[in-house]
Amino acid sequence: MKKLLAMLFAAAALQAGTVTVAVAANVSYAMPDLVGAFHARHPDTRVRTTLGSSGKLTAQIRRGAPFDVFMAANMRYPAALFADGSAVTKPAVYAEGSLALFGRKPHDFSRGLALLENPAVRRVAVANPKSAPYGAAAVKALKNAGLFERIKPKLVYAESASQAVSYAMTAADVGFVAKSSLFAPKMRRFKEGKNWAEVDPKLYTPIEQGIVLLKRAETNTEAKAFYDFVLSEAGRKILRRYGYRLP
């Protein structure tokens with residue numbers, strides 16, 4: 001009997017597959033719900049995620065990191081991977097992200113970015129604009145508002161959008177964060193207008209976030225199923241709950 005059970009478990013293990021997904025840090029808050037909903041439809045498939053800035057994940061993919069799907073924070077990095085043959089699908093927009101200004105303590109967010117000139121705001125967290133699209137959007141918003149040079153000495157650079165949230169919760173007074181982060185369960189106690197406000201979308205280019213199926217998953221039906229799920233109405237419904245706009 002024990003031998004039979006062992007054989008059955010071994011057979012089940014052979015049938016089960018694993019999909020590895022490289023995920024931009026701003027999507028980390030929605031991923032448990034996305035993976036859970038996908039697993040309910042594909043119970044024999046495991047999804048493993050690696051979080052990071054889109055630029056660093058792209059570099060890892062080019063060095064041969066074993067990822068099947070890439071969910072980036074913009075379209076530029078997936079487009080570059082498709083152009084050099086590292087991805088087998090053209091980048092598709094799975095969500096449009098928004099930038100928000102967040103502070104763990106109450107501030108007068110009705111002032112918009114002008115709030116950052118307040119002497120009481122001494123440190124402003126922002127994701128690294130060289131590798132994190134949300135950081136690049138924040139810098140562009142500051143420049144378009146004519147504030148960058150005055151605010152620049154206050155900027156504290158984080159590695160990714162999720163780390164910018166951590167900095168805003170600890171080392172900084174205010175931070176530029178992905179609006180999606182504010183819909184995470186641990187962040188819902190913070191109130192719009194009191195602890196955060198959306199940055200005027202006219203100040204930066206809309207953050208279209210792209211997904212691609214990578215070369216190593218070209219014949220991986222389970223990876224393709226996850227890719228399709230993210231782009232499906234069921235996947236988009238989950239992303240909407242986390243403050244994303246949908247194409």
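The values are calculated or read from the model by the stated rules, or taken from the named source; none is laboratory data. Bear in mind the structure is a predicted one, so any value in this text is a computation, not a measurement. Cβ sites come from the backbone with ideal geometry, for glycine too, and all protein chains shown count toward neighbours.
Evaluating S110 against the criteria (1) assigned to a helix (DSSP H, G or I); (2) at pLDDT below 95; (3) more than 16 Å from N195 (Cβ to Cβ) leaves one unmet condition, (3).
Residue pairs whose Cβ atoms lie under 7 Å apart, sitting 6 or more positions apart in sequence or on different chains, and linking a residue in the range 144-164 that is under 25 Å from G52 (Cβ atoms) to a partner that is exposed (fewer than 15 other Cβ atoms within 10 Å of the Cβ) and small (G, A, S), are V156/A171. Looking across the range 193-241 at every residue that is assigned to a helix (DSSP H, G or I) and among the β-branched types (V, I, T), the one that is farthest from F38 (Cα to Cα) is identified as T221.
In the range 189-201, is there at least one residue being over 17 Å from G52 (Cα atoms) and crowded, with 23+ Cβ neighbours inside 10 Å? Yes, the range 189-201 contains a residue that is over 17 Å from G52 (Cα atoms) and crowded, with 23+ Cβ neighbours inside 10 Å.
Taken together, A172, A138 contain a single residue that is in a loop (DSSP other than H, G, I, E, B) and modelled with pLDDT of 95 or more, which is A172.
Every residue, every condition in (1) in contact with an Asp or Glu (Cβ under 6 Å, 6 or more places away or on another chain); (2) closer than 30 Å to L147 by Cβ; (3) touching a residue at least 60 places away in the same chain (Cβ under 8 Å), yes or no:
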{"residue": "K194", "(1), (2), (3)": "no, yes, yes"}
{"residue": "P201", "(1), (2), (3)": "no, yes, yes"}
{"residue": "F229", "(1), (2), (3)": "no, no, yes"}
{"residue": "E233", "(1), (2), (3)": "no, no, no"}
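Report, by residue number, each residue of the range 180-192 that is within 16 Å of the chain's Cα centre (by Cα), of a type in the set (F, W, Y) and assigned to a loop (DSSP other than H, G, I, E, B). Passing the criteria: none in range. Exactly one residue among A158, A234 is modelled with pLDDT of 95 or more, more than 19 Å from R111 (Cα to Cα), in contact with a helix residue (DSSP H, G or I) (Cβ under 8 Å, 6 or more places away or on another chain) and outside the structural domain of S131 (by TED's automatic domain parsing), and that residue is A234. Among the residues making up the range 114-136, those that are more than 19 Å from G210 (Cα to Cα) and surrounded by 22 or more Cβ atoms within 10 Å (Cβ to Cβ) are V124, A125, V126.
Candidates in the range 141-153 are the residues that are touching a helix residue (DSSP H, G or I) at 6+ places or on another chain (Cβ under 7 Å) and assigned to a helix (DSSP H, G or I); of these, the one that is surrounded by the fewest Cβ atoms within 10 Å (Cβ to Cβ) is R150. When restricted to residues that are crowded, with 24+ Cβ neighbours inside 10 Å and assigned to a helix (DSSP H, G or I), the range 154-166 contains 4.
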